[in-house]
1. Does ARG138 qualify as being farther than 14 Å from ILE170 by Cα and basic (Lys, Arg)?
2. Filter the stretch 108-119 down to residues that are closer than 11 Å to LEU151 by Cα and part of a helix (DSSP H, G or I), then give me how many there are.
Amino acid sequence: MPADELTLLHLLQTADIDLEGRMPWSSNATFLANLSVDGERVGQAVYKPMRGERPLWDFEPGLHRREVAAYRLSAALGLDIVPPTVLRDGPFGEGSLQWFVDADHRQHYFTLYETRPDLHEALSVFAFFDLLANNTDRKSGHVLLDGDDHLWGIDHGLCFAADFKLRTVIWEFAGEEIGAEIIGAVEPLAQRIPAEVADMLNDSEIDAMYERIEWVLENRVFPSPGSRY
C-alpha cells in the first residue's frame, strides 16, 4: 500500500468517489471506485452499498457494516490482515469503502499454502480471525498477496452471525495450538469488545462473539472441521 494506514483511512473518508465499474462475479453490488483529491487520482477502493445487497434469511440488512467491523477487529487485534475500510456515503448511498489491494490474482489461499511454507504462520492468522469473526464465506480467492508479500483478507460481509456457522477453506491448521502472541491480543477482548467493533453489531452478535472469545481462551487450538463447516 502506498501510504500509512491513517492516511489511507483519511483518503477513504474524504476523497471524491468516481465509480469505474461493477466488479464481476459478486453476489451483491460491488464497485471499483477511483478516489481523487482536487481532481488528482490518489488510489482505488471497493465500494459496497447497502442498496445493492441481496436479502438473506440469516443476516440482517447491512452487510457493509460487517465489512467495517472486520477491519476494525483486525486493527484492534493488531493483525493487519483486512485492508483499511470505512463507512461512507457514496454514489448509491451508505456503504463500505475498502482500499483496493493491487494483488497477484494468480495466487490464492491454496497456491500460497502449497508453494509458500514461509507464509504458513501468516495464513494461520486468517484461520484464527475467521474463527473469532465467525466467517461463513472464506473462499480461497479471499486471501490476497500484494507486491510487498503481505497477505490481505477481503469479503467479510458474511461474518459475526449470532449462530456459530464457520465456513472456510482454511483447515490445514486444525488441531494446532494458537500462537501465544495471538492469545495475548485476544485476552483483553474477553473483558470488553472494542466499541468501534460493537457499534457495527447487534446485541446477540456481540454476546456470541464473547462466547467465541471464551472458547478460544479455554481451548487455545484451531477447531477441526465438522460436516457443516
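Here, each number is a calculation from the coordinates, and none is a lab measurement. Bear in mind the structure is a predicted one, so any value in this text is a computation, not a measurement.
1. no
2. 3
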